[in-house]
Every structure is written in structure tokens, then in C-alpha cells.
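Structure first, then comments.
The values are calculated or read from the model by the stated rules, or taken from the named source; none is laboratory data. Predicted model only: the values in this text are computed from it and were never measured. Here the Cβ positions follow ideal geometry from the backbone for every residue, glycine too, while neighbour counts run over all protein chains shown. With ligands, DNA and RNA removed, areas are computed over all heavy atoms of the protein, side chains included. Shrake-Rupley method; radii C 1.70, N 1.55, O 1.52, S 1.80 Å.
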Amino acid sequence: MEHDPISTPETPARTPALAQAVAAPLTRAAIFLVAKLNPGSENRAILRSFCGDLAALVRAVEFRDLEGGLSCVIGFGCDAWDRLFGQPRPAELHPFRELRAGARHAVSTPGDLLLHIRAKRMDLSFELATQIMARMGNAVSPVDEVQGFRYFDDRDLMGFVDGTENPRGTAAADAVVIGDEDANFAGGSYVIVQKYLHDLGAWNALSTEAQERIIGRTKLSDIELDDSVKPTSAHNALTTIVENGKEVKILRDNMPFGRPGYGEFGTYFIGYSRSPRTIEQMLENMFIGRPPGNYDRILDFSRAVTGNLFFVPSATFLESIADDPIKQDQASEVPTNEDRAVEDQTTAAEPPPAPVVAETSSSIPSVRDGSLGIGSLKGDTRHE
């Protein structure tokens with residue numbers, strides 16, 4: 001089969017692909033925006049063109065405050081990837097794997113595009129999000145938007161420090177940046193996002209000691225409980241996965257969010273990894289249990305209301321995408337149901353595809369590790 005030059009923009013063999021700002025320092029403010037790619041070849045063309053313009057947009061807004069730490073990461077779901085870029089697809093890109101066990105449900109929700117915007121100031125994040133949405137225009141429709149903030153000394157709204165086990169420096173890059181295992185997409189990363197809502201009334205009714213046993217760390221000092229005291233169902237126990245005797249990390253940048261007037265309090269989980277299997281194994285341990293039934297008791301007080309898996313291509317890939325309307329159409333050789341709906345001038349788009357449901361047995365292989373960090377991990381400006 002002849003190689004399609006627009007599917008995987010070629011880079012010089014001796015020049016490594018430049019990753020997006022996945023491992024940028026953690027910040028005080030963030031916007032998480034999930035959107036849907038609207039049907040039609042013109043919308044695919046707009047979004048492909050936007051990919052090449054994103055870095056310039058970030059620079060333009062960043063220049064207003066060079067100390068503001070502004071960055072933006074863009075990721076794509078598997079359906080959007082096929083429509084925008086064609087084959088080959090990143091080796092492990094697939095729909096988010098839904099999990100269900102009893103009352104616990106890791107839902108899979110619609111989303112073609114993720115924008116993770118970070119800065120020390122919310123106004124910088126807000127301005128960049130505004131400029132990005134204006135640039136994409138009607139090519140996309142927003143599905144979910146969350147504005148997150150750092151809470152006191154890096155705690156979540158459940159009162160525990162969030163982000164303690166994040167890798168630092170070169171270890172962070174090793175945890176999230178794809179290498180030779182998928183050479184076509186070296187420099188890329190995978191990212192999983194979930195929005196969790198907390199029942200703070202029920203949580204705060206627990207004693208501090210009971211909360212600490214659920215999380216696996218002390219609440220005040222953020223010290224990990226000794227294994228002789230910590231239950232096997234503790235959050236940080238279930239989200240620790242060891243491969244070949246070595247703990248494998250992910251990089252997370254969780255943020256609290258909420259609307260007190262509506263009684264809404266939550267954590268936006270965002271985890272980057274060089275393989276989605278790492279986080280998928282963590283989620284299976286949490287929702288199904290390790291062994292099955294020994295689940296994460298934090299889920300008695302928190303529920304996931306969104307779930308998505310995206311691939312974050314390298315910055316080199318984004319800047320190399322050709323702005324050629326003819327070739328853009330070739331990226332989706334077989335029209336989707338939504339595209340047929342537009343071309344046939346029907347009045348409504350087809351409904352979104354049914355979510356992919358994962359088996360509730362321990363079917364996902366144990367791979368990389370790290371902590372999901374809904375309430376047990378601490379983040380600072382150096383990814384601690």
C-alpha cells in the first residue's frame with residue numbers, strides 16, 4: 001500500500017520529534033475543554049489548518065505575560081484521528097474503555113478533541129481558550145468545559161494533598177513520551193481524562209482516620225501509611241502497578257473545580273502516559289478491584305461523570321500537517337455517518353457511537369504504574 005504523506009508528516013531521520021508541553025510545570029489555573037468535530041470536509045480542513053496555527057496562537061497570548069507559564073496541549077480521539085489524519089493510527093489509540101461493577105461506573109462519554117490549557121493566571125488561560133474557539137469556529141462543538149484551580153497547599157476538595165508521586169525531570173519525559181515502541185508517533189503521548197463529582201457531606205462525616213485508610217496517606221502531613229496499617233483497598237495501593245519489579249509512573253495534573261451554589265465539588269483527573277494501558281489498569285483496579293471486589297472505597301463518595309482517551313501527537317506532527325483541501329479529504333476515505341448526513345442534506349446528524357465496554361474481569365495486562373491521584377497525590381511546579 002502506498003504511503004499517504006499527509007497521514008504521518010515525515011520529519012528528518014536525525015531530528016527527534018518535539019513533544020507538546022505535556023510535562024510543563026504545574027500551574028495555579030487550567031481549562032479543560034473537550035469538543036466534538038462537526039461533520040463535513042470543510043470542518044476537517046479548518047481543524048487541520050488550526051493544528052498548524054496553535055503554536056503561534058499560544059505565543060501571541062503568552063507574550064502578554066512571559067512569566068505566566070502559559071501552555072496548551074491538544075489531543076485527538078480515535079474517531080477524529082481517522083477523519084483528520086487517516087492511517088496509520090497511533091498503535092494504542094482506541095475508544096475509552098468503559099468499566100462497570102455494581103454501583104461503580106467508569107463512563108465513556110463523547111469527545112473528539114481535548115484542549116488542556118495551563119497558566120499561573122486564569123485570565124491567560126481564559127484568553128487563549130477564547131482565541132482558540134474563535135479560530136476553530138463552527139468546525140467544532142463544545143462537549144464539556146471545566147475551569148480548574150489549585151486549592152491551598154495543593155489539596156483536592158476532599159482535603160488531601162494531590163500529586164505527591166508525580167515523576168520529575170527526565171523521569172517525567174520517560175513516563176509520558178513515546179519512543180521507539182511506536183516510531184511513527186515518537187514524541188507523542190496518551191492522555192485519559194475523567195471528571196469526578198464528590199459527595200463531600202458523606203465524606204466529611206467520616207473520621208480523619210477512616211479517610212486516611214481510604215486514601216492511604218495521612219491527611220495533615222501527606223505521609224504514606226505503612227503497609228502494616230494501609231488496607232489493600234487504599235487508593236494509592238490500587239493505583240500502584242509494578243512491571244518487572246519496577247514501579248511505572250504516569251504524569252497527572254489534576255485540578256479541583258466546583259460550583260458551591262449548586263453543591264458541586266469535584267476533581268478533574270488528567271493523566272498522561274506513554275501507554276494508555278497503565279491508566280486503564282489503574283482504573284480496573286479501582287472500579288473492579290484487585291482482586292475483584294477489593295475496590296477503591298473512594299468511589300463510595302466520588303463518581304465519574306465523563307471519560308475519554310486521547311492521543312497527543314508531537315508538536316512536530318502538528319506543524320507538519322499540510323494545508324491541502326484535496327489531501328484533507330483523503331484522510332477520511334470512507335465517509336462517516338455524520339459526513340453522509342451533511343452530504344445528503346438531512347436535518348440531523350447521526351447519534352454518537354455506543355460506548356465501548358470493557359470486560360469486568362482483570363483482562364487488562366499489568367503494565368506501567370503511577371498513582372491516579374484523585375486524592376492522594378501532590379502536584380507542584382516541579383511535578384512532585
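Please indicate, with yes or no, whether at least one residue in segment 293-305 is touching a residue at least 12 places away in the same chain (Cβ under 8 Å) and hydroxyl-bearing (Ser, Thr, Tyr).
Checked segment 293-305: at least one residue is touching a residue at least 12 places away in the same chain (Cβ under 8 Å) and hydroxyl-bearing (Ser, Thr, Tyr).
Of the residues Gly258, Gly201, Gly245, Gly216, which single one is farther than 29 Å from Ala17 by Cβ and surrounded by 22 or more Cβ atoms within 10 Å (Cβ to Cβ)?
Details: Gly258 fails: surrounded by 22 or more Cβ atoms within 10 Å (Cβ to Cβ); Gly201 fails: surrounded by 22 or more Cβ atoms within 10 Å (Cβ to Cβ); Gly245 fails: surrounded by 22 or more Cβ atoms within 10 Å (Cβ to Cβ).
Matching residue, one of Gly258, Gly201, Gly245, Gly216: Gly216.
Does segment 239-259 contain any residue that is in a helix (DSSP H, G or I) and either under 28 Å from Ala173 (Cα atoms) or not aliphatic (A, V, I, L, M) (or both)? Talk me through it step by step, then tell me what you get.
Kept after step one, since they are in a helix (DSSP H, G or I), are these residues of segment 239-259: none.
The answer is no; no qualifying residue exists.
From the list Gln131, Gln87, exactly one residue is surrounded by fewer than 17 Cβ atoms within 10 Å (Cβ to Cβ), touching a Ser or Thr at 6+ places or on another chain (Cβ under 6 Å) and under 25 Å from Ile46 (Cβ atoms). Which is it?
Details: Gln131 fails: touching a Ser or Thr at 6+ places or on another chain (Cβ under 6 Å).
That would be Gln87, the only listed residue that is surrounded by fewer than 17 Cβ atoms within 10 Å (Cβ to Cβ), touching a Ser or Thr at 6+ places or on another chain (Cβ under 6 Å) and under 25 Å from Ile46 (Cβ atoms).
If I go through segment 177-202 residue by residue, how many of them are part of a loop (DSSP other than H, G, I, E, B) and out of contact with any strand residue (DSSP E or B) (no Cβ under 8 Å at 6 or more places or on another chain)?
3
For Phe63, are the conditions met, namely being aromatic (Phe, Trp, Tyr) and more than 22 Å from the chain's Cα centre (by Cα)? Can you show your working first?
Details: aromatic (Phe, Trp, Tyr): yes; more than 22 Å from the chain's Cα centre (by Cα): yes.
Here the answer is yes, as Phe63 does meet what is asked.
Kindly evaluate Asp174 against the criterion of being under 30 Å from Glu92 (Cβ atoms), assigned to a helix (DSSP H, G or I) and open to solvent by 80 Å² or more (accessible area, probe 1.4 Å).
Values: under 30 Å from Glu92 (Cβ atoms): yes; assigned to a helix (DSSP H, G or I): yes; open to solvent by 80 Å² or more (accessible area, probe 1.4 Å): yes.
Judged against the criteria, Asp174 is a match.
Looking at Phe149, Phe126, Phe160, which is the one that is within 14 Å of Leu26 (Cβ to Cβ) and either open to solvent by 40 Å² or more (accessible area, probe 1.4 Å) or at pLDDT 95 or above (or both)?
Details: Phe126 fails: within 14 Å of Leu26 (Cβ to Cβ); Phe160 fails: within 14 Å of Leu26 (Cβ to Cβ).
One residue alone meets the criteria, Phe149.
Name the residue, out of Phe152, Phe96, that is at positive phi and of a type in the set (Phe, Trp, Tyr). Don't jump to the end; show me each part of the working.
Values: Phe96 fails: at positive phi.
Unique residue meeting the criteria: Phe152.
Tally time: how many residues in segment 261-279 are open to solvent by 10 Å² or more (accessible area, probe 1.4 Å) and closer than 25 Å to Arg168 by Cα? Talk me through it step by step, then tell me what you get.
First, the residues of segment 261-279 that are open to solvent by 10 Å² or more (accessible area, probe 1.4 Å): 261-265, 274, 277.
Next, from what is left, pick out any that are closer than 25 Å to Arg168 by Cα: 274, 277.
The number of residues fulfilling the criteria is 2.
If you check Ala103, Ala171, Ala91, which single one turns out to be hydrophobic (A, V, I, L, M, F, W, C) and either in contact with a helix residue (DSSP H, G or I) (Cβ under 7 Å, 6 or more places away or on another chain) or over 30 Å from Lys219 (Cα atoms) (or both)? Spell out how you get there, then give the answer.
Values: Ala103 fails: either in contact with a helix residue (DSSP H, G or I) (Cβ under 7 Å, 6 or more places away or on another chain) or over 30 Å from Lys219 (Cα atoms) (or both); Ala171 fails: either in contact with a helix residue (DSSP H, G or I) (Cβ under 7 Å, 6 or more places away or on another chain) or over 30 Å from Lys219 (Cα atoms) (or both).
Every option except Ala91 fails the conditions.
Select from segment 80-127 the residues that are over 23 Å from Arg290 (Cα atoms) and in a strand (DSSP E or B) and write down the one among them that is farthest from the chain's Cα centre (by Cα).
Our first condition is that a residue be over 23 Å from Arg290 (Cα atoms); within segment 80-127, this holds for 80-95, 109-127.
Restricting the remaining residues to those that are in a strand (DSSP E or B) gives 113-119.
Numbers: Leu113: 10, Leu114: 8, Leu115: 9, His116: 8, Ile117: 12, Arg118: 13, Ala119: 17 Å.
This residue is Ala119.
Determine the pairs where a residue that is in contact (Cβ under 8 Å) with a residue 40 or more places away in the chain, located within segment 145-158, has a partner that is open to solvent by 40 Å² or more (accessible area, probe 1.4 Å) and part of a strand (DSSP E or B) with Cβ atoms under 8 Å apart, the partner being 6 or more residues away or on another chain.
Going by the 8 Å Cβ cut-off, the qualifying pairs are Leu157/Tyr151; Leu157/Phe265.
Do we have any residue at all in segment 103-118 that's farther than 25 Å from Ser273 by Cα, in contact with an Asp or Glu (Cβ under 7 Å, 6 or more places away or on another chain) and of a type in the set (A, V, I, L, M, F, W, C)? Spell out how you get there, then give the answer.
Taking segment 103-118 and keeping what is farther than 25 Å from Ser273 by Cα, we get 103.
The next check asks that each one be in contact with an Asp or Glu (Cβ under 7 Å, 6 or more places away or on another chain); those that pass are none.
No, there is no match, as no residue in segment 103-118 is farther than 25 Å from Ser273 by Cα, in contact with an Asp or Glu (Cβ under 7 Å, 6 or more places away or on another chain) and of a type in the set (A, V, I, L, M, F, W, C).
Tell me which residues, restricted to segment 34-70, are closer than 15 Å to Leu124 by Cβ, of a type outside the set (Asp, Glu) and either open to solvent by 10 Å² or more (accessible area, probe 1.4 Å) or in a loop (DSSP other than H, G, I, E, B) (or both). If you could, list the steps in order and put the result at the bottom.
As a first pass, look at segment 34-70 and keep what is closer than 15 Å to Leu124 by Cβ: 57-70.
Remaining after also requiring of a type outside the set (Asp, Glu): 57-61, 63-64, 66, 68-70.
Within segment 34-70, Leu57, Val58, Arg59, Ala60, Phe63, Arg64, Leu66, Gly68, Gly69, Leu70 qualify.
Quick check: is even one residue across segment 171-191 within 15 Å of Tyr272 (Cα to Cα) and charged (D, E, K, R)?
Scanning segment 171-191, I find at least one residue that is within 15 Å of Tyr272 (Cα to Cα) and charged (D, E, K, R), so the answer is yes.
Consider only pairs whose beta carbons are under 9 Å apart and that are at least six residues apart or on different chains; among these, list those whose first residue lies in segment 205-220 and is on the phi > 0 side of the Ramachandran plot and whose second residue is of a type in the set (A, V, I, L, M) and surrounded by fewer than 19 Cβ atoms within 10 Å (Cβ to Cβ).
Within 9 Å, the pairs are Gly216/Leu225.
Among the residues in segment 264-278, are any touching an Asp or Glu at 6+ places or on another chain (Cβ under 6 Å) and among the aromatic types (Phe, Trp, Tyr)?
no
The rows are residues; the columns are (1) modelled with pLDDT of 95 or more; (2) open to solvent by 30 Å² or more (accessible area, probe 1.4 Å); (3) of a type outside the set (Phe, Trp, Tyr); (4) under 29 Å from Arg48 (Cα atoms).
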| residue | (1), (2), (3), (4) |
| --- | --- |
| Gly307 | yes, no, yes, yes |
| Pro313 | yes, no, yes, yes |
| Glu319 | no, yes, yes, yes |
| Ala322 | no, yes, yes, yes |
| Lys327 | no, yes, yes, yes |
| Ala341 | no, no, yes, yes |
| Pro351 | no, yes, yes, yes |
| Ala354 | no, yes, yes, yes |
